[in-house]
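Chemist: Dropping the structure in here first, questions after.
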Amino acid sequence: CLSMRLKKAVFANCADLDELDPYVMVYRRIEEYLLARGEPERLELVRRSLYLKVNKKLTGSTRHRSNSWQRLLLERLVSEWHWDERQLALLDSRSQWKVRQVASERRALVGELNFSYRFLTQFARTQKAVNSINKRDLNVLGRRLYAAFERKAGKVEFLNPGIAPDLAEDTLTLAQLPNKREPGRHQWCLYNGSLSAHELETFAPIKRSRELLELLTWCHRNNVIDSSTRLALHPGISDLTEFELFNLQGALQQSIAPPPGMVEEEVLLSPSVPREILLLINVGVDPLRHHKDLNILMTTERTDSLSYAGVRENLVLTFDQITLNSWNEVLVNRFDGPYALLDCLTELFNGLPEKSARPVIRVRCFCHNRAQAIAQRVEELIGTAQLLLDRRLNHRYLIQVEQRYHVLEMIPGRVSHVTLEHLPALFSYLGEELSAYSPIHLDPQALDDSDLSLFIPYGQPECIQVFYRINEPNADLYVLDERNALWHQQVPYHTESSLLVPLQRFFQSLVYRRVALLPLDNPLESTPLEALYYRLTPDGSGRARRVEHRPTPTMLSDPSFFDVQAIIEEASPGQVSVTLYCDGTEFSELEHGDQLFSVVARRILEQRREPQRYRCYITDLDLSGILRETRGQTILFLRYKAELERSLNAALDEL
């Protein structure tokens, strides 16, 4: 070891202080090792590192140079290494090194660091040196190397870990050009100097990227562009302007401060989490470009950026997400296409840490049209979604983009989104069974022409809520069940009583069956569901504006009324059988087959005293033969009820 070498040299009366210099002793030991292994490339890297560490230039004018012992020693070493003037001049011009030279040096340095780390970990395992080499230190070292140098998708490479003092260029050219290897696609290229359009093909770019923000973030991360750099812009087919480019650089400078500082060991021992997130919207994209091309000037009262003007255009087209995490890694991700907003929000919220502090999220937009309104709209969406996520109630956040509806399912750690192309698809989604109560939060700009926007905020757990609106000759019935699933049916309207009383009878029967199956020793579980009624006004087909609470329908004794009960059982795997009881008389599919509903409809007509035709209703339904759980969700009963009534009334109309 080195300490033994030093002692031997001292006791041997070695008077050469140069050879006893700590740096020289370390170098000599490394030199012996690498020469013995026949690895001259690694040895050259060590020599260059030592030369740069000493920081004494051996080229240039000698008039102002002091002949210090360090310089004299370095001259002797360089003579041993047989370095020529060209190699010395390159190393002495380190202060002028730019991207290409630094990238070359970095490749050699990173390769050596990773090789040394792998050797160290292998040595610790084979020599069982766990006690002498702390496992924690190895983990920290490995993660530090990973964070600084490992390549992965979306990560911005950090070129200059102290290799050169400054990579900033005086003049650069930024250009969007066709990608010759991918016809129909374009790429962004960065060149040295100020080049005209016809000069671009004659020079090799410093860096290429598919997306503009990936390239700009790389420039900022490595300080290739600073406040004094002059940029020549060739925007290609993009809508990028010099004004937007200037603001993009300012936003990057505010969010990512170069150079990155040292990461504390405790931070490296934990998984990386985002610290700062910058969302840039519509980079190089004018959302109203086609209006400009057609020379159209729009004036509209509908200013929502997700549903703009009468044609309901979406102005939020692309997202570039730049993330600085706790390991000082910078990641860039791009979202475009019809679902860019929802894809971005989903990934954003799934990447948020649950325990550590939330990152700072900045939203910026510098596009040509309505930039401030677009950024503000997205900020509002993110703020609302964060609040819903923090409540941990499994909210569903309903957003409308153009004519489509999108639902963000805000489950912590598992945020997802569902796209629904039209209103019927939305009704179908909201009518799905749920495992637990799930509130719906409606974006203020969504469903502004639908009754849903009026009553969805009224949803509450552990009750059944009935909303109805009269639009003669029909009425719309909406039910939010105990888990906030939605059921909707449009039925012929005669009177308010005939509309609501059959539904109330059905709910009473449903509650009766549930209570009979629950334990009496648990008062919380045996609490029956209450049915609440609300009327949407005004009547008619226009937009409803008020929700009026209504009393529960009173069920007076009526000798002309009789119950129609249905029992559904599993007949075979995937098949069910229906048995109907009309005024106590049994009618089964086993007996009547596909004529069951016609027979029951005829029996109902025979029992009625009034000559006029009106709807038949199922007043009681038993699903215990097909339910896997003791208590089925109300939406399931309503769905079967509607299907049975549809078949029964169709048979009634045919008589």
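Chemist: Give me the percent relative contact order of the stretch 449-556, please, defined on Cα pairs under 8 angstrom at least 6 residues apart. If you can, show how the numbers build up before the last one.
Modeler: Details: 169 pairs, mean separation 31.7, N = 108.
Worked out over the stretch 449-556, it gives 29 percent.
Chemist: Related question: Take the Cα of residue 339, step 7 Å along the line toward its Cβ, and report every residue of the stretch 415-437 whose backbone nitrogen sits under 13 Å from that point.
Modeler: What the label zone holds, given the 13 Å backbone N cut-off, is 416-421.
Chemist: Can you tell me the orientation of helix 340-350 relative to the chain, as the angle in degrees between its alpha-carbon axis and the longest Cα principal axis, to the nearest 10?
Modeler: 80
Chemist: Could I have the simple spin-label model distance between residue 537 and residue 496, label points 7 Å from Cα toward Cβ, reported in nm to one decimal?
Modeler: For residue 537 paired with residue 496, the spin-label model returns 0.8 nm.
Chemist: Taking a ≥ b ≥ c as the square roots of the eigenvalues of the Cα gyration tensor of the stretch 373-457, is the shape rounded (a/c under 1.5), prolate (a/b larger than b/c) or oblate? Please list the in-between numbers first.
Modeler: Details: a/c = 1.60, a/b = 1.02, b/c = 1.57.
It is oblate, given that a/c is not under 1.5 and a/b is not larger than b/c.
Chemist: Shifting gears a bit: Would you list which aspartates and glutamates come within 12 Å of residue 641, measuring only between C-alpha atoms, while excluding same-chain residues fewer than 8 positions from it?
Modeler: The reachable aspartates and glutamates, counting only those whose Cα sits under 12 Å from residue 641, are 620, 622.
Chemist: Tell me, what is the percent relative contact order of the stretch 438-499, built from C-alpha pairs under 8 Å that lie six or more residues apart? Please list the in-between numbers first.
Modeler: Numbers: 86 pairs, mean separation 15.7, N = 62.
Relative contact order for the stretch 438-499 comes out at 25 percent.
Chemist: I've got another one for you. Taking 0.36 nm per intervening residue step and subtracting the Cα-Cα distance, what contour gain separates residue 262 from residue 421 on full extension?
Modeler: Numbers: separation 159, 0.36 × 159 = 57.24 nm, distance 4.89 nm.
Once the chain is fully extended between residue 262 and residue 421, it gains 52.4 nm.
Chemist: Do you know the relative contact order of the chain, to the nearest whole percent, from alpha carbon pairs under 8 angstrom that are 6+ apart? Please list the in-between numbers first.
Modeler: On the way: 936 pairs, mean separation 44.5, N = 655.
Value for the chain: 7 percent.
Chemist: Hey, another quick one. Please give the contour-minus-distance gain from residue 69 to residue 152: 0.36 nm per residue of separation, less the Cα-Cα distance, rounded to one decimal in nm. Could you put the intermediate results ahead of the total?
Modeler: On the way: separation 83, 0.36 × 83 = 29.88 nm, distance 4.59 nm.
Going from the current span to full extension adds 25.3 nm.
Chemist: Once phi is turned into ³J(HN,Hα) by the Karplus curve 6.51 cos²θ - 1.76 cosθ + 1.60 with θ = phi - 60°, what whole-Hz value does each residue of the stretch 274-280 show in order, with x for glycine and proline?
Modeler: x, 9, 9, 10, 10, 9, 10
Chemist: Show which lysines lie in cross-link reach of residue 180 when reach means a straight Cα distance below 17 angstrom and same-chain residues fewer than eight apart are skipped.
Modeler: 207
Chemist: While we're looking at this one, here's another question. Could I have the simple spin-label model distance between residue 210 and residue 139, label points 7 Å from Cα toward Cβ, reported in nm to one decimal?
Modeler: If labels sit at residue 210 and residue 139, their model points lie 3.5 nm apart.
Chemist: Between (1) -0.29, -0.41, -1.25; (2) -0.24, -0.35, -1.48; (3) -0.44, -0.58, -1.27, which entry matches log10 I(q)/I(0) by the Debye sum over Cα atoms at q = 0.05, 0.06, 0.12 Å⁻¹ as derived from the coordinates of this structure?
Modeler: Given (1) -0.29, -0.41, -1.25; (2) -0.24, -0.35, -1.48; (3) -0.44, -0.58, -1.27, the calculated one carries the label (3).
Chemist: Kindly identify the stretch 418-549 as rounded, prolate or oblate by the Cα gyration tensor criterion: order the square roots of the eigenvalues as a ≥ b ≥ c, call it rounded if a/c is under 1.5, otherwise compare a/b with b/c, prolate if a/b is larger, else oblate.
Modeler: On the way: a/c = 2.15, a/b = 1.35, b/c = 1.59.
Verdict is oblate for the stretch 418-549.
Chemist: Still on this structure, I have one more. Sequence-distant or interchain residues sharing an amide H contact under 5 Å with residue 475, placed H: which?
Modeler: Excluding prolines and chain starts, which carry no amide H, the hits are 491, 493.
Chemist: Write down the radius of gyration of the stretch 564-654 and its Dmax, each obtained from C-alpha positions, in Å.
Modeler: 13.5, 43
Chemist: I'd like the orientation of helix 40-54 relative to the chain: the angle between its Cα long axis and the longest Cα principal axis, in ° from 0 to 90, rounded to 10.
Modeler: 80
Chemist: Cα gyration tensor of the stretch 177-325, axes a ≥ b ≥ c as square roots of the eigenvalues: rounded (a/c below 1.5), prolate (a/b > b/c) or oblate? Don't skip to the end; give the middle numbers.
Modeler: On the way: a/c = 2.19, a/b = 1.23, b/c = 1.78.
Because a/c hits 1.5 or more and a/b fails to exceed b/c, the stretch 177-325 counts as oblate.
Chemist: Here is a follow-up. Could you work out how much longer the chain between residue 517 and residue 171 gets when fully extended? Use 0.36 nm per residue separation minus the Cα distance between them, nm to one decimal. Walk me through the intermediate numbers first.
Modeler: Working: separation 346, 0.36 × 346 = 124.56 nm, distance 7.99 nm.
Result: 116.6 nm gained on full extension.
Chemist: Could you sort 534-545, 274-285 so that the peptide with the highest average Cβ count within 10 Å comes first and the rest follow in order? Show your work: numbers first, answer last.
Modeler: Details: 534-545: 14.0, 274-285: 22.7.
Output ranking for 534-545, 274-285: 274-285, 534-545.
Chemist: Residue 650 to residue 390: FRET efficiency via 1/(1 + (r/R0)^6), r the Cβ-Cβ distance, R0 51 Å, to the nearest 0.05? Display every interim value, and only then the final one.
Modeler: Values: r = 49 Å, r/R0 = 0.97.
Once rounded, the FRET efficiency stands at 0.55.
None of the figures in this text is laboratory data; all of them are computed from the coordinates on show. Since the model is a prediction, treat every value here as computed from it, not as a measurement. Backbone-built Cβ (ideal geometry, glycine too); neighbour counts: all protein chains shown.
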